[in-house]
Each structure stands twice: as C-alpha cells, then as structure tokens.
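Here is the structure we will look at, set down as structure tokens.
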Amino acid sequence: MEGPEKLVIIVTHGPDEPELATLPFVMAAGALVSDTQVFMAFQGEGVRLITKGGADGVHAASFPPLAELIDTVAAIGGLLMPCSPCIENRGITEDQMLEGVEVIGAARLVSEITSATATLNY
C-alpha cells in the first residue's frame, strides 16, 4: 500500500454506553499521533455522539470526557463521517452535526474500508 497507513473505525454505540462510545476515540487519537490516517464512520446510535451537545456529560471511568476526546480527534486530523440514513432515521439534520462532520452514504464507506490498512468496529 502506498502512502500512510489508514485506519477506519466504525462507531455504533451511542451516549447511553459511555465506555463503548469512548473507546473508538481513544484508538483514533492513538492512531493519529502515530501518523496513521483515521476515518471514523458512525452508524446506528453512534451518530448521536457527533451531534452538537451529543457527547456532553458522557464520561467513562478512567478516560477523559468524551466531548474532549472528540474535539482532540477532530483537531489532529480525524475525519468524522455519519451515515446519511442513520441520521435521517433519528430525525437528525446536518446542521445539528458538529462542525467539520461530513455526512456520507454506503458507497463512500465501502471505498474507505477497501482502501484502509485496517478496520475496527465498535
């Protein structure tokens, strides 16, 4: 594979499961500081995490607050991409998403996965 390594992380857990919602961002931050590109795809309840205020108050023991981790991952280059049908099914609009989030469909996600060095699913 040419170029830097790329990690795709699929996030399916929402704010009601703090530890499972937090772990993907811990892994993303670790990968980014190791010079690995990170593409985070959000499906199901995971889309709620990247709405404005969606991670407020989410804090798993032994980890930083989730809102801080999300800000860090975005600031150091992580791409945050929610599933279009998943946000529509929850009545979430694109203007309710965090700044810098890009809503995507299945074809884009498949393209990212097939070009990745590794994929993690949470």
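Taken about its Cα centre, the stretch 56-108 carries a charge dipole of roughly 240 debye when the Cβ of each Lys and Arg holds +1 and the Cβ of each Asp and Glu holds -1.
In this structure, the amide hydrogen of VAL38, modeled 1.01 Å from its nitrogen in the peptide plane, lies closer than 5 angstrom to those of LEU7, LEU79, counting only residues at least 5 positions away or on a different chain.
When +1 charges are put on Lys and Arg Cβ atoms and -1 charges on Asp and Glu Cβ atoms, the dipole computed for the stretch 17-121 relative to its Cα centre reaches about 180 debye. For the pair ASP71 and ASP56 in one chain, pulling the backbone fully straight at 0.36 nm per residue adds 4.2 nm over the alpha carbon distance.
With all protein chains in place and a 1.4 Å probe, the accessible surface of the chain carries 52 percent carbon and sulfur. Solvent exposure of the chain amounts to 51 Å² per residue of accessible area, where only protein heavy atoms count and the probe is 1.4 Å.
Each part reduced to its alpha carbon centroid, the stretch 7-71 and the stretch 82-104 end up 15 Å apart. Cα gyration tensor of the stretch 46-122, axes a ≥ b ≥ c as square roots of the eigenvalues: rounded (a/c below 1.5), prolate (a/b > b/c) or oblate? Cα axes put the stretch 46-122 in the oblate bin. For ALA60, the shell of other residues with beta-carbons less than 11 Å away shows a net charge of -2, using +1 for Lys and Arg and -1 for Asp and Glu.
By DSSP, the beta bridges lying fully in the chain are antiparallel in about 5 percent of cases. Computed over neighbours whose Cβ is under 14 Å from that of LEU32, the net charge equals -2, Lys and Arg +1, Asp and Glu -1. Working note: 222 nm ellipticity from helices only, DSSP H runs with n ≥ 4, each -39,500 (n - 2.57), summed and divided by the residues of the chain, gives -10000 deg cm²/dmol to the nearest 500.
Relative contact order, whole percent, for the chain stands at 35, derived from Cα pairs under 8 Å and 6 or more residues apart. Ligands, DNA and RNA excluded, the heavy atoms of ILE50 present near 0 Å² of accessible surface to a 1.4 Å solvent probe. In the stretch 14-122, which GluC sites (Glu not before Pro) fall in coil by DSSP and have 11 or fewer other Cβ atoms within 10 Å? Within the stretch 14-122, the qualifying GluC sites (Glu not before Pro) (loop, at most 11 other Cβ atoms within 10 Å) are GLU99, GLU102.
The values are calculated or read from the model by the stated rules, or taken from the named source; none is laboratory data. Quick caveat: nothing in here was measured; it's all calculated off a predicted structure. When we count neighbours, we look across all protein chains shown, and the Cβ atoms used for this are built from the backbone with ideal geometry, even at glycine. Heads up: the accessible areas ignore ligands, DNA and RNA and are worked out on the full protein's heavy atoms, side chains in. Shrake-Rupley method; radii C 1.70, N 1.55, O 1.52, S 1.80 Å.
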